[in-house]
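S.K.: To start, I am sharing the structure in question, which I have written as structure tokens.
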Amino acid sequence: MITIRSLHKTYSNGVRALDDISLDIPRGMFGLLGPNGAGKSSLMRTLATLQDADGGSATMDDGNGGSIDMLREKDAVRRQLGYLPQDFGVYPKVSAEDLLNHFAVLKGLTARGARKDTVEGLLKQVNLWDARKRKLGTYSGGMRQRFGIAQALLGQPRLVIVDEPTAGLDPEERNRFLNLLAEIGENVAVILSTHIVEDVTDLCQRMAIMNKGQVLLAGEPADAIAALEGQVWRRRVDKAQLAQYQSRYQVLSTRLVGGQPMIHVFAESDPGDGFERIDAGLEDVYFRQLRLQKKAA
């Protein structure tokens, strides 16, 4: 369990990246959902000991009945942490096996036999064993991300942080990568930071929605969806009428379907006007929270 209380961070340019963040993150997959600039990466970097918070607290279980102060005991955190940042660079002319072996040495796995077994096991776990001799510069985007997870799992971490891991992946690679994360999340805490709603819906037992440095909603995705059930309506409208509907209704989202806008609106009762009630989804929850924050500002 990771316990975060009243965490805040303001950068030198005046941007308040973290604004009184409080969260409880248990073992399993935890989705951190929000648009670009929501503060997700700032939170990830703080938990990964890459930047200091201005105040607040963050603690994690140490596995022995005690706890680690994540803001002050940074070396202890790093021994328990696996981290895959949004921009993960590799040496393109080095093989996956050689680079993972190098990372293992840096992680403190100095015994050659144990290190060899660890590297082999991880490459098999992420399905890269057959490509272990290939140079990383020849890997696809999904293969590089799976290699990134392999290095993040060195040292048997109790917390794994992945920041926007599926950006740029094709559907097949994305599914393969997400299945791998789900398997990892059976044994450790995995924080998945993303702006892709489907990733959280499909994988995460718990989640938080962030925007402008604040937590707007935290809990189980199913509960958040259930709370909105019966209050989401949709209809297809003409492009020329879109602005009119946006002014008359609480529009959650708009997307083009067959060249025409399809709008989802929030209404506690039937809004009439040709709308049909639909099952709510996490995307509706997400946009509802963003609209509420904007309205309160």
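S.K.: Name the residue that is surrounded by the fewest Cβ atoms within 10 Å (Cβ to Cβ), counting only residues in the range 269-283 that are at pLDDT 90 or above and of a type in the set (Gly, Ala, Ser).
M.R.: Ser269
S.K.: Is the range 226-233 home to any residue that is part of a strand (DSSP E or B) and touching a strand residue (DSSP E or B) at 6+ places or on another chain (Cβ under 9 Å)?
M.R.: yes
S.K.: Looking for something more than 20 Å from Pro26 (Cα to Cα) and in a strand (DSSP E or B) - is there at least one such residue anywhere in the range 202-212?
M.R.: Kept after step one, since they are more than 20 Å from Pro26 (Cα to Cα), are these residues of the range 202-212: 211-212.
Pick out the ones that are also in a strand (DSSP E or B) and you get 211.
Yes, there is a match, as at least one residue in the range 202-212 is more than 20 Å from Pro26 (Cα to Cα) and in a strand (DSSP E or B).
S.K.: Being basic (Lys, Arg), surrounded by 15 or more Cβ atoms within 10 Å (Cβ to Cβ) and within 24 Å of Leu169 (Cβ to Cβ): is that true of Lys74 here?
M.R.: No, not satisfied.
S.K.: Go through the range 200-216 and give me each residue that's buried (at least 19 other Cβ atoms within 10 Å of the Cβ), closer than 19 Å to Ala296 by Cα and touching a helix residue (DSSP H, G or I) at 6+ places or on another chain (Cβ under 8 Å).
M.R.: Ile209, Met210, Asn211, Gly213, Leu216
S.K.: Name the pairs: first residue in the range 85-105 and at negative phi and assigned to a loop (DSSP other than H, G, I, E, B), second residue of a type outside the set (A, V, I, L, M, F, W, C) and at pLDDT 80 or above, Cβ to Cβ under 6 Å, at least 6 apart or on different chains?
M.R.: Close Cβ pairs (under 6 Å, with a partner that is of a type outside the set (A, V, I, L, M, F, W, C) and at pLDDT 80 or above) amount to Pro85/Asp163; Gln86/Asp163; Gln86/Glu164; Phe88/Gly148; Pro92/Gly137; Lys93/Lys135.
S.K.: Next question, about the same structure. Given the criterion of a type in the set (A, V, I, L, M, F, W, C), free of Cβ contacts under 8 Å to residues at least 24 places away in the same chain and surrounded by 15 or more Cβ atoms within 10 Å (Cβ to Cβ), identify the matching residue among Ile21, Ile68, Ile2, Ile25.
M.R.: Result: Ile68 is the single residue among Ile21, Ile68, Ile2, Ile25 that is of a type in the set (A, V, I, L, M, F, W, C), free of Cβ contacts under 8 Å to residues at least 24 places away in the same chain and surrounded by 15 or more Cβ atoms within 10 Å (Cβ to Cβ).
Results for (1) basic (Lys, Arg); (2) more than 21 Å from Asn179 (Cα to Cα), shown as yes or no for each residue.
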{"position": "Thr110", "(1), (2)": "no, yes"}
{"position": "Glu120", "(1), (2)": "no, no"}
{"position": "Lys135", "(1), (2)": "yes, yes"}
{"position": "Ser140", "(1), (2)": "no, no"}
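S.K.: Let me ask another. Could you say which residue among Gln205, Gln145 is in contact (Cβ under 8 Å) with a residue 60 or more places away in the chain and not assigned by TED's automatic domain parsing to the domain that holds Gly56?
M.R.: Residue meeting the stated conditions: Gln145.
S.K.: When the residues of the range 141-197 are filtered to those that are modelled with pLDDT of 85 or more and basic (Lys, Arg), which remaining residue is farthest from Lys93 (Cα to Cα)?
M.R.: Among residues in the range 141-197 that are modelled with pLDDT of 85 or more and basic (Lys, Arg), the one farthest from Lys93 (Cα to Cα) is Arg158.
S.K.: Assess whether Asp130 counts as being surrounded by fewer than 21 Cβ atoms within 10 Å (Cβ to Cβ), under 19 Å from Met210 (Cα atoms) and either at pLDDT 90 or above or of a type in the set (Gly, Ala, Ser) (or both).
M.R.: no
S.K.: Moving on. Restricting attention to the range 263-282, and to residues there that are touching a residue at least 40 places away in the same chain (Cβ under 8 Å) and acidic (Asp, Glu), which single residue is nearest to Trp233 (Cα to Cα)? Walk me through it before giving the result.
M.R.: Taking the range 263-282 as the starting set, the residues that turn out to be touching a residue at least 40 places away in the same chain (Cβ under 8 Å) are 275-282.
Next, only the ones that are acidic (Asp, Glu) stay: 276, 279.
Details: Glu276: 5, Asp279: 8 Å.
Top of the filtered list is Glu276.
S.K.: Does Ala182 meet the test of being among the hydrophobic types (A, V, I, L, M, F, W, C) and outside any helix (DSSP H, G or I)? Even if it seems obvious, please write down each step before you answer.
M.R.: Values: among the hydrophobic types (A, V, I, L, M, F, W, C): yes; outside any helix (DSSP H, G or I): no.
No; evaluated as a whole, the condition is false for this residue.
S.K.: Just to be sure I understand, how many residues within the range 244-268 are surrounded by 15 or more Cβ atoms within 10 Å (Cβ to Cβ) and assigned to a strand (DSSP E or B)? Please lay out each step first, then the result.
M.R.: First pass over the range 244-268, keeping only residues surrounded by 15 or more Cβ atoms within 10 Å (Cβ to Cβ): 245-246, 249-254, 261, 263-267.
Subsequent filtering for residues that are assigned to a strand (DSSP E or B) retains 250-254, 261, 263-266.
Final tally of qualifying residues: 10.
S.K.: Which numbered condition in (1) farther than 30 Å from Asp19 by Cβ; (2) not in a strand (DSSP E or B) is the only one that Tyr286 fails?
M.R.: (1)
The values are calculated or read from the model by the stated rules, or taken from the named source; none is laboratory data. From a predicted model like this one, the values you see are computed outputs, not experimental measurements. Note that each Cβ is placed from the backbone with ideal geometry, even for glycine, and that neighbours are counted across all protein chains shown.
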